[in-house]
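Trainee: Let me give you the structure first, and then I'll get to my questions.
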């Protein structure tokens, strides 16, 4: 019998591998904080009134904080980031468990990330979170950036009285697509 690895297991093993790999002594460690605007679009086969206002797309405030490290002689940047967004009047918490960037120039960086998202809609919903980002440093501490992210199969149980878990799936799945523009301060 062949055992297949589920995607969440693969992500967990990748995070463990990154945690135990010996990294060279880092020449630069830094923390950043973002504030900006995020444009979100939520899609689902079953959206209930309890989920909030999900008609069309939504623009709201974005907040995030991350920790990164790299070496002076290497263009690679490794880090983690925590993001908070208002999606349809409900809080979306995203964790970039693996955020890897590449410095194209000393001021221009592109990143790819993967992690998890929790959306506090009618009841708590969790799923995968992945995306890409670019940022441009225009001073010693300031950067302007943008990203596109996708929270896939964000699932919640049908627990509310107006939902009928006896018909169809006992879960409701959401897909959340986000476009984000932000100003970043690097500490």
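The values are calculated or read from the model by the stated rules, or taken from the named source; none is laboratory data. All values reported here derive from a predicted model rather than from experimental measurement. Cβ placement follows ideal geometry from the backbone for every residue including glycine, while neighbour counts extend to all protein chains displayed.
Trainee: Regarding the range 90-112, can at least one residue be identified that is over 14 Å from the mean Cα position of the chain (by Cα), under 24 Å from residue 37 (Cβ atoms), assigned to a strand (DSSP E or B) and at pLDDT below 85?
Mentor: Let us first name the residues in the range 90-112 that are over 14 Å from the mean Cα position of the chain (by Cα), namely 90, 101-110.
Narrowing further to those that are under 24 Å from residue 37 (Cβ atoms): 90, 101, 107-110.
Among the residues that remain, those that are also assigned to a strand (DSSP E or B) are: 90, 101, 108-110.
Next, only the ones that are at pLDDT below 85 stay: 90.
For the range 90-112, residues over 14 Å from the mean Cα position of the chain (by Cα), under 24 Å from residue 37 (Cβ atoms), assigned to a strand (DSSP E or B) and at pLDDT below 85: present.
Trainee: Inspect all residues belonging to the range 113-123 and state whether any of them is modelled with pLDDT of 75 or more, surrounded by fewer than 13 Cβ atoms within 10 Å (Cβ to Cβ), part of a strand (DSSP E or B) and in contact with a strand residue (DSSP E or B) (Cβ under 6 Å, 6 or more places away or on another chain).
Mentor: No; the residues of the range 113-123 include none that is modelled with pLDDT of 75 or more, surrounded by fewer than 13 Cβ atoms within 10 Å (Cβ to Cβ), part of a strand (DSSP E or B) and in contact with a strand residue (DSSP E or B) (Cβ under 6 Å, 6 or more places away or on another chain).
Trainee: Any idea which of 139, 146 is surrounded by fewer than 16 Cβ atoms within 10 Å (Cβ to Cβ), at pLDDT 85 or above and under 16 Å from residue 63 (Cα atoms)? Don't jump to the end; show me each part of the working.
Mentor: Values: 139 fails: under 16 Å from residue 63 (Cα atoms).
Testing whether each residue is surrounded by fewer than 16 Cβ atoms within 10 Å (Cβ to Cβ), at pLDDT 85 or above and under 16 Å from residue 63 (Cα atoms) leaves just 146.
Trainee: Looking only at the range 44-89, count every residue that is in a loop (DSSP other than H, G, I, E, B) and at pLDDT 85 or above and tell me the total.
Mentor: Filtering the range 44-89 down to residues in a loop (DSSP other than H, G, I, E, B) leaves 45-48, 52-56, 71-75, 88-89.
If we keep only those that are at pLDDT 85 or above as well, we get 75.
Of the residues in that region, 1 qualify.
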